[in-house]
Amino acid sequence: MSTTTLTKPMLKIENLHAWYGESHVLHGINLELAEGQLITLLGRNGAGRSTTLRSIMGMVDRRTGSIAINGEEFITKPAHRITPDGRIGFCPEERGIFASLTVEENLMLPPAVGADGMSIEELFEMFPNLANVRKRMGTRLSGGEQQMLAIARILRTGARLLLLDEITEGLAPVIVKTLGRVIRDLKSRGYTIVLVEQNFRFAAPLADRHYVIEHGEVIDTIESADVESSMDRLNHYLSV
Amino acid sequence: MQEMSNTTTDIGEFEENTGEPEHRTRSRIWQGIFWVALIGFLLIAPALLYPVFVMQLLCFALFAAAFNLLIGFTGLLSFGHAAFFGGAAYIAGHALKVWGFPPLLGIATGTLFAAALGWAVGSLAIRRQGIYFAMITLALAQIVYFLVLQLPFTGGEDGLQGIPRGHLLGFIDLNQPLAMYYTVAAIFLIGFLVIYRIIHSPFGQVLLAIRENEPRALSLGYNVDRFKLLAFVLSAALAGLAGSTKALVFQFASLTDAHWQMSGEVILMTLLGGMGTIFGPVVGAFVVVALQHALSGIGSWVQVVIGGTFIACVLLFRRGIVGELARLLKINSL
Amino acid sequence: MDPMIRLILAQGMLGLNNGVFYAMLSLGLAVIFGLLNVVNFAHGALYMLGAFLALILYSYAGAWVGLDALHIGFWPALILAPLLVACFGMLIERFMLRRLYKLDPIYSLLLTFGVTLVLQGLFINFFNASGTPYPGMPESLRGVVNLGFMMFPKYRLFVIIFSIIVCFAVWYMIERTRIGSRLRAGTENPELVKAFGINVPLMVMLTFGFGTGLAGLAGVLAAPIYSVSPLMGANLIIVIFAVVVIGGMGSIAGAVLTGFALGLVEGITKVFYAPAANTVIFLLMVIVLLVRPNGLFGRQS
């Protein structure tokens, strides 16, 4: 399948290396996705999936290679310019809900990066649970509420490229189901999404393409149409 | 901010038993050279410099070495060490002058007092970590300062004057400059050797482990608080030894010895010489005392220079003189 | 009124007057510590700098520009001096402290200690070490007011009310506004705040400037009360450290309340046993360390 290479990529990463202090954690990641697509980064814990997202965000000590967003080079940008210039929304693995801020304050914290962000009302409609706890402090939320808040927070900013790290981790099946509905909804609204997932059953029906990462490198790329025929390979990659 | 992972490794570059044998041999050779130079200096110094000046150097060098036991080898920043130095000076002075103690007993009294005070201050301060530890020691030392200022026997603003030097062991007249000098040199050397032994004992290795990674030391089953407290008491006692000796040499104990600025000066000596090095505090004390002598004509500009040196050390020169030297010589401990 | 109660109330008012400075300084210290994890030893020296700037603006600045008759008075100084101190603070942050954030926080304590010595040494060289009275107290604040139990200097009453308003405004700004929520978020997780596109280094610099500006403001307020001396901040900062250990630096309101309360306690101690007045705060610190090591408002670590 070569449909993807025909459209211009929105995000294109080439030969990305990253370091935490002295330790070299990414060894040349290559991936790309077009506007409106959803890709997943699969792999075992510690393979470098989260680090790939954190590298895009400039949250590593050092990075080299190329990260192009809509053709613009981002590798040399200072960390605080990345989100506004790339119109990125980042949802970190630990969710990053601020304990000393209320739900509303958390929601209002990230500055807008584009004009067409969702309104608070729209967000509360999408995540009704949050509307009931809007004055509550961030510490006093359940895991599911925290995750919804973390997603809602970046949708308000008008970001178009969403980097979502392990959003289903540790959540009850019913909430995972809700999140799946949300992601599908977002995709239909034209958002471009990179999903780091452990839960392949959650990711499989959503994704256009899967990248398998191991030891800081992309070791395999599987188009969604080929998933069925590649199940053996996938099981091998993801087995513990 | 959040990135504090390599905090402790930067305090000093001292690490025992790392590197290949050749490395260690070179380390030993250089340490030997420093020991020879130090002892040679102690022997011939009175022929080159004013004995009183050298004795002042030695008192501060011992004070700084005692302080280094905490900051360099346990990772604790005490901002109140003047309390032990100055407090011991007053107690030793009082014992010598009013109670008529012989010199060594007077010094021992001051040292014991500093140890007891160190136990009291230390057991309070170790209840908090890091930067709070520094603030608590500073505040507690301020209580000692106010006591020194207000108690009836201390002479208030004038300090405790007219402390007699007396006769060492009953027959050596310490009013003889050379007799006094070699007594001080011996006290310094003994104190310094004690510190050297502590650093290289199993106890000292545990302290290093605490400095490098306190949670890990805790999880290995060490009673971290007890080790910290003992290190604090030892450091306070040795600082008291230095202060008592200084009171005997100069025959008075003054408020400046107990003032927070003195706590700052001993930090500077250690920082400038090299925190966590063996000889650094001695070198740092020599440089700072010599600097103060050289600049004594310019009044309070000295304070500006001292402050500027502080800033420069922290920004550009965190290894200190001896630390940088060790790095140039590619050895681990000096 | 019972003379004893009258005495307690009177000393309480004077104590509250000192508490104003404890509160404003520990507030600034807490704001800075929260975001930067820096204990600013120079806070006392910057308070001194604020007082001296007020003095200089009134007595010297005019002559320096050739206008001998020009005295820049208290009200302009109340705005100008804190701004100048804040600028000075921001320079320190930008060119010195910023290089130390990845190291153990004791290095920034030592750096600001060095700054303290430099400032103090400079002012001792150029001004009288034992203090200069500030001549610029505004006419409208001279005189006394009758509080019923005592005649209280009008200026001191103004200082108490003014600083309560300032402390409340700062608290409100940090706990209740959008800017404040960014600050609190930055305190918790600066890396993520940066990833949201907020210029954290700039925010850190402005916060340091703001905290030091508060110290400068306290200095201006202090100038007409105490004589302006190079050492006025040095002894104060140690008391402030004790206040901060007692209150814990984790809470803005906690820092302010502890400051006022300890001023009050100190004043009332004067009634019962005057010699203990300058150590009572330190003794309270000892008690707090024994019973609540993390401080009254401290978070469990």
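Computed from the coordinates by the stated procedures, all read-outs in this text should not be read as laboratory data. Please read all numbers here as calculations on a predicted model, not as lab measurements. Don't worry about glycine lacking a Cβ; one is built from the backbone with ideal geometry, like all the others, and counts go over all protein chains shown.
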(request) Could you point to the residue in C:V159, C:G186, C:V200 farthest towards the positive end of the stretch C:121-203's charge dipole, with +1 and -1 charges on the Cβ of Lys/Arg and Asp/Glu respectively? (result) C:V159
(message) Please compute the contact order of the stretch A:146-221 in relative form: average sequence separation of alpha-carbon pairs under 8 Å and at least six residues apart, divided by the residue count, as a percent.
(response) 30 percent
(message) Tell me which DSSP H helices of chain B clear both cut-offs, 24 Å or more of axial length from alpha-carbon atoms and a mean Kyte-Doolittle hydropathy of at least 0.0.
(response) B:21-48, B:51-71, B:103-125, B:130-150, B:177-200, B:224-250
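Taking only C-alpha pairs under 8 Å that are 6+ residues apart, what is the relative contact order of the stretch B:45-200 in percent?
On the way: 148 pairs, mean separation 49.8, N = 156.
Relative contact order, the stretch B:45-200: 32 percent.
Can you list which of the chymotrypsin sites (Phe, Trp or Tyr not before Pro) found in the stretch B:55-161 are DSSP loop residues with at most 10 other C-beta atoms within 10 Å?
Values: sites: B:F60, B:F63, B:F67, B:F73, B:F79, B:F84, B:F85, B:Y90, B:W99, B:F113, B:W119, B:Y132, B:F133, B:Y145, B:F146, B:F153; in loops: B:F73, B:F79, B:W99.
When the chymotrypsin sites (Phe, Trp or Tyr not before Pro) of the stretch B:55-161 are filtered for loop state and at most 10 Cβ neighbours within 10 Å, B:W99 remain.
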(request) Take peptide C:237-246, look around each residue's Cβ out to 10 angstrom, count Cβ atoms belonging to other protein chains, and average those counts. (result) 5
(message) Residue by residue through A:77-83, how many Cβ atoms from other chains fall within 10 Å of the Cβ on average?
(response) 5
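Go through the stretch B:59-161 and name the trypsin sites (Lys or Arg not before Pro) that are in a DSSP coil and have 11 or fewer other Cβ atoms within 10 Å of their Cβ. Before the final figure, lay out each step's value.
On the way: sites: B:K97, B:R127, B:R128; in loops: B:R127, B:R128.
Hits after loop and neighbour filter: nothing returned.
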(message) Full-extension gain between A:T139 and A:D232, please, as 0.36 nm times their residue separation minus the C-alpha to C-alpha distance.
(response) 29.3 nm
(message) Only four residue types carry charge here, +1 at the Cβ of Lys and Arg and -1 at the Cβ of Asp and Glu. Report the dipole size of the stretch B:57-258 about the Cα centre in Debye, rounded to the nearest 20.
(response) 400 debye
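How high is the FRET efficiency between C:I5 and A:E214 when r is their beta carbon distance and R₀ equals 56 Å, given to the nearest 0.05?
On the way: r = 78 Å, r/R0 = 1.40.
That pair, C:I5 with A:E214, gives E of 0.10.
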(request) Would you be so kind as to identify which of B:Q161, B:Q176, B:I210 lies farthest towards the positive end of the dipole of the stretch B:159-232, taking Lys and Arg as +1 and Asp and Glu as -1 on Cβ and the Cα centre as origin? (result) B:I210
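Loop sites only, by DSSP: take the GluC sites (Glu not before Pro) in chain B that have at most 16 other C-beta atoms within 10 Å and name the longest stretch containing none of them. Don't jump to the answer; show the numbers that get you there.
Numbers: sites that count: B:E3, B:E15, B:E16.
By the stated rule (loop sites, at most 16 other Cβ atoms within 10 Å), B:17-334.
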(request) Sum up the lysine pairs in the protein assembly as shown that clear both bars: alpha-carbon distance under 21 Å and a spacing of 8 or more or different chains. (result) 8
(request) Mind ranking A:63-69, B:172-178, C:112-118, A:222-228 by how tightly packed they are, going by the mean number of other C-beta atoms within 10 angstrom, highest first? (result) C:112-118, A:63-69, A:222-228, B:172-178
(request) Could I have the simple spin-label model distance between B:H167 and B:N223, label points 7 Å from Cα toward Cβ, reported in nm to one decimal? (result) 4.6 nm
(request) Helix by helix through chain C, keep the DSSP H runs that span 27 Å or more along the axis on Cα and average at least 0.5 on Kyte-Doolittle, and give those back in order. (result) C:3-36, C:74-95, C:106-126, C:154-176, C:200-222, C:252-272
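Determine, for each peptide in C:57-69, C:234-246, C:210-222, the mean count of other beta carbons within 10 angstrom over its residues, then list the peptides with the highest first.
Values: C:57-69: 12.8, C:234-246: 25.6, C:210-222: 28.3.
Taking the mean over residues of other Cβ atoms within 10 Å, the ranking is C:210-222, C:234-246, C:57-69.
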(message) Taking the Cα centre as origin and putting +1 on Lys and Arg beta-carbons and -1 on Asp and Glu beta-carbons, what dipole magnitude results for chain C, to the nearest 20 debye?
(response) 440 debye
(message) Quick check: Cα centre of the stretch A:36-59 to Cα centre of the stretch B:200-237, how many Å?
(response) 41 Å
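Please identify every one of the GluC sites (Glu not before Pro) in the stretch A:33-99 that sits in a loop by DSSP and has no more than 13 other beta carbons within 10 Å of its own beta carbon.
Numbers: sites: A:E35, A:E72, A:E73, A:E93, A:E94; in loops: A:E35, A:E93, A:E94.
The qualifying sites are A:E94.
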(request) Kindly put A:D232, B:D225 in sequence by how many other C-beta atoms sit within 10 Å of each C-beta, fewest to most. (result) A:D232, B:D225
(request) Select from B:L104, B:F84, B:G299 the residue farthest towards the positive end of the dipole of chain B; place +1 on Cβ of Lys and Arg, -1 on Cβ of Asp and Glu, and compute about the Cα centre. (result) B:L104
(request) Please report, to one decimal in angstroms, the Kirkwood hydrodynamic radius of chain C built from all distinct Cα-Cα pairs. (result) 19.9 Å
(request) Quote the relative contact order of chain A in percent (integer), defining contacts as alpha-carbon pairs under 8 Å separated by 6+ residues. (result) 27 percent
(request) Treat the count of other C-beta atoms within 10 Å as a stand-in for reagent exposure and order A:R134, B:R197 from fewest to most. (result) B:R197, A:R134
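Take the Cβ-Cβ distance between B:Q205 and C:K102 as r, set R0 to 25 Å, and report the resulting FRET efficiency rounded to the nearest 0.05. Don't skip to the answer; put the middle values down first.
Values: r = 27 Å, r/R0 = 1.09.
Given R0 = 25 Å and the Cβ-Cβ separation, E is 0.35.
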(request) Would you mind ranking B:V233, B:V266 by Cβ crowding within 10 Å, fewest neighbours first? (result) B:V233, B:V266
(request) Can you tell me how much longer the chain between A:Q198 and A:H27 gets when fully stretched, taken as 0.36 nm per residue apart minus their C-alpha distance, in nm with one decimal? (result) 59.5 nm
(message) Under 10 Å, Cα contacts only: if you run a Gaussian network model on chain B, which one of B:G32, B:G284, B:G274 comes out with the highest mean-square fluctuation?
(response) B:G32
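Suppose R0 equals 56 Å; then what is the FRET efficiency for B:V36 and A:N129 from their Cβ-Cβ distance, rounded to the nearest 0.05?
On the way: r = 75 Å, r/R0 = 1.35.
Calculated transfer efficiency: 0.15.
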(message) Between B:A294 and C:S59, what is the label-point separation in nm under the 7 Å Cα-to-beta-carbon projection?
(response) 3.5 nm
(message) For peptide B:310-319, what's the mean number of Cβ atoms from other chains within 10 Å of each residue's Cβ?
(response) 5
(message) Along the Cα→Cβ direction, 7 angstrom out, place labels at B:A179 and B:L315. What is the inter-label distance in nm?
(response) 5.2 nm
(message) Quick check on the protein assembly as shown: helices-only [θ] at 222 nm, where DSSP H runs of length 4 and up contribute -39,500 (n - 2.57) each and the sum goes over total residues. Nearest 500, please.
(response) -19500 deg cm²/dmol
